[in-house]
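What follows is one structure encoded as structure tokens, with my remarks underneath.
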Amino acid sequence: MPANDQARRRVAVAARHGEQMEVRELKTLLVLMRDYGLVELEIEDKKGKVRLVRGGARTPEDVTAAARAASPLKMAVRHVEATEEEGAKAAGKIDLAPNQKLIESPMVGTFYRAASPDAAPFVEEGSSVRKGQPLCIIEAMKMMNEIESPAAGRVIRIIAENGNPIEYGQPLMIIEVI
Amino acid sequence: MFKKLLVANRGTIAIRIIRACRELGISTVAVYSTADKNALHVRMADESVCIGPPAAEDSYMNIPAILSAATTFGADAVHPGYGFLSENGDFAEACQRSGLNFVGPRARHIRLMGDKPRARRIMKRAGVPVLPGSEGTGVTELREAQADAKRLGYPVLIKAAAGGGGKGMRVVRDAAELTRLFPQAQGESELSFNSRKMYLEKYLERVRHVEFQILADLQRNAIHLGERDCSIQRRHQKLIEESPCPILTPRLREKMGKAAVRAAEVVGYSNVGTVEFLLAGGGEFYFIEMNTRIQVEHGVTEMVTGIDLVKESIRMAMGERLGLKQRQVKFDGASMEFRIYAEDPERHIPSPGVVTNHHPPGGLGVRVETALYDGYRVPVHYDPLIAKLIVHAETRAEAIARGKAALREYVIDGIKTNIPLHLKILQDPDFNRGEFSTDFLSRYQPPQPEAVHHAPVSKAS
């Protein structure tokens, strides 16, 4: 996964943490990031945790890129550390309550929230779902694979972005089981 | 030129392919299982995608997942490396159907050479010597096998028609053994290849395994890049390969090389491939099979010819013509490869775990192909081959000295490796004289826990 994809995903995840963040607010954040030369921005919920990283300070991805140019072996070592760090962070973000289920992609492909480009999304954040109800589609080899809800409940977070490539095991949504 | 190539493999060969692509200016997509999240090939590729859980059949051998990754990430070519899907005709065909260039021969050549009795028939017809063995399409019934064995005379070797990797292979020395081991071998073949078709070959004692590297373009031009002696092997696993073969005379090399090229030409083969022969004491040689992919030991051929086989495989797949004629291929010096396995050298059992310190050797004529780094965890799910140490020198004696020095310099802490076994072999007087056959390693064999009969004539990649 290229570094900018990861950064992009992180912005998206962070944005969804605020309640009902508007596109306008997201744009404001992006402008702030540009003006202050931020390469990373993380906003946590309910008055807690802000993480801002200026361009001067190197992110793990930057270190990796630099090391990649210099030495493939050393690069690998740093990347492992970076990955573990990210893993810990990601685990922190996707902290599931006992009644929540993480929906992970069962295959590699492309994530779609609707059955066709002009159809309405299968679900939105807040939608109630039945067990077996389609949540999204993973397109693999021109085959549309519906991902069904494993339980009755409510969609509390949609993590993946429409139209993005998805890996095996990548988090897609969180369902709160009723 | 391809724009983006998906590497459908892991470990040392994935690294090797990524390096070749970087030189050619082709961007790369690595695929990986959840067990390989921190693997070096994932970090070295321009893009990477997780395609499944650790089990190979769900990830590295999962054709729909790999094709989906290739199309989702916009690759225009797929390199299968060795092992996994590299000799799967269905995969090669599925790639072409999905509009992806498969870096390897055509699907029909993979299937043809994968059907061993059929390959034998074609070779025999083309005048390539084959071992006396079962005629026709092979045998499925014990009494057919008994009749063949009687005709050939014991000992005979039972092999799986769809075989590979030594599965379904047994040496039998008399009729009673045949009755006992034929159903066993057949059961193994059924499990591994879903085929009950077997065939018998005359079993020769004290032979060498000598294979020829083939390079062929899509315009049906084929040349050979000399031989590799792979006689130092154990239970279908090669340990040391070298080029040139220490006992081959220029005349015999030319004769065998011509036979290998004929084997490729007669079927219209393209891309890289290897024709394997058994070489008997009197200079008689016999075709055993053709491997339709890059080999683990391709590096020794690269060292003595100066030809980058992985780059050539990509160029041939793009339809480029061979840039060399047979007489332009020059051989320089001697090269040896030592396969480093994550295994206990005393008991020959796998030794996975975390590599706490990795210091590869260096210097003139020393090459290390590995996916190891400090802190890397060798997973339990895959082949234990973790590094290939390749040396190149002017003479065989110098190559042995260089190999010894480099093996002593190589530090891999945290797991056990077979480096001590390599050092023992390099001290062996017979090895130093170049006098050995495929049963050489039995003198370094630990006591077998079970009375399994393993064929020393092997089939390793």
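Coordinate-derived values only; no laboratory data. Note that the structure is predicted; figures quoted are calculated from it, not measured. Note that each Cβ is placed from the backbone with ideal geometry, even for glycine, and that neighbours are counted across all protein chains shown.
Counting Lys +1, Arg +1, Asp -1, Glu -1, what net charge surrounds B:Pro361 among other residues with beta carbon under 14 Å of its beta carbon? Net charge in that neighbourhood comes out at +2. In this structure, the residue pairs whose Cα-Cα separation is over 23 Å, taken from B:Lys238/B:Lys258; B:Lys37/B:Lys238; B:Lys116/B:Lys238; B:Lys255/B:Lys330; B:Lys388/B:Lys416, are B:Lys238/B:Lys258; B:Lys37/B:Lys238.
Based on the Kirkwood approach, the hydrodynamic radius assigned to the stretch A:100-177 is 12.2 Å, with every pair of different Cα atoms included. As a rough guide to protection, the peptides A:148-156, B:217-225, B:422-430 ranked by mean Cβ packing within 10 Å, highest first, stand as B:217-225, A:148-156, B:422-430. Look at the Cα gyration tensor of the stretch B:132-202: its axes a ≥ b ≥ c give a/c of at least 1.5 with a/b over b/c, and that counts as prolate. The Cα atoms of the stretch B:23-82 give a gyration tensor whose axes a ≥ b ≥ c have a/c of 1.5 or more with a/b no greater than b/c, which makes the shape oblate.
Please compute the net charge surrounding A:Thr110, taking Lys and Arg as +1 and Asp and Glu as -1 over other residues with Cβ under 12 Å from its Cβ. So the environment of A:Thr110 carries a net charge of -1. Structural size metrics of the stretch B:169-225, computed from C-alpha coordinates, are Rg and Dmax of 17.4, 51 Å. Considering helices alone, the calculated mean residue ellipticity of chain B at 222 nm is -9500 deg cm²/dmol, with DSSP H runs of length four and up weighted by -39500 (n - 2.57) and normalised per residue. For B:Arg327, neighbours were defined as the other residues whose beta-carbon sits under 15 Å from its Cβ, and their charges (Lys and Arg +1, Asp and Glu -1) total +3. Extension gain for B:Glu141 to B:Leu252 (0.36 nm times residue separation, less C-alpha to C-alpha distance): 36.1 nm.
Normalised by 2.2 N^0.38 Å, where N is the number of residues, the C-alpha radius of gyration of the stretch B:359-450 stands at 1.21.
Would you list B:Thr395, B:Thr301 from fewest to most Cβ contacts within 10 Å?
B:Thr395, B:Thr301
Between the stretch B:3-58 and the stretch B:89-124, what is the separation of their alpha carbon centroids in Å? So the two Cα centres are separated by 23 Å.
Taking every residue in B:25-32 and counting other chain Cβ atoms within 10 Å of its Cβ, the average works out to 1. Evaluated at q = 0.11, 0.15, 0.21 Å⁻¹, the base-10 log of the normalised Debye intensity for the stretch B:4-103, with identical point scatterers placed on the Cα atoms, takes the values -0.25, -0.48, -1.01.
Seen from a random direction on average, the alpha-carbon convex hull of the stretch B:137-279 projects onto 9.6 square nanometres. Peptide B:68-79 has a mean shielding of 4, counted as Cβ atoms of other protein chains within 10 Å of each residue's Cβ. Computing Rg and the Kirkwood Rh from the Cα coordinates of the protein assembly as shown gives a ratio, Rg/Rh, of 1.02. By the count of other C-beta atoms within 10 Å, a proxy for reagent exposure, A:Phe122, B:Phe193, B:Phe212 are ordered fewest to most as B:Phe193, A:Phe122, B:Phe212. What does the C-alpha gyration tensor say about the overall shape of chain B? Classify as rounded when a/c is under 1.5, otherwise prolate if a/b is larger than b/c, or oblate. Because its axes are fairly even, with a/c under 1.5, chain B counts as rounded. Each principal axis of the Cα cloud of the stretch B:252-394 was taken in turn, and the coordinate range along them, longest first, works out to 49, 35, 33 Å.
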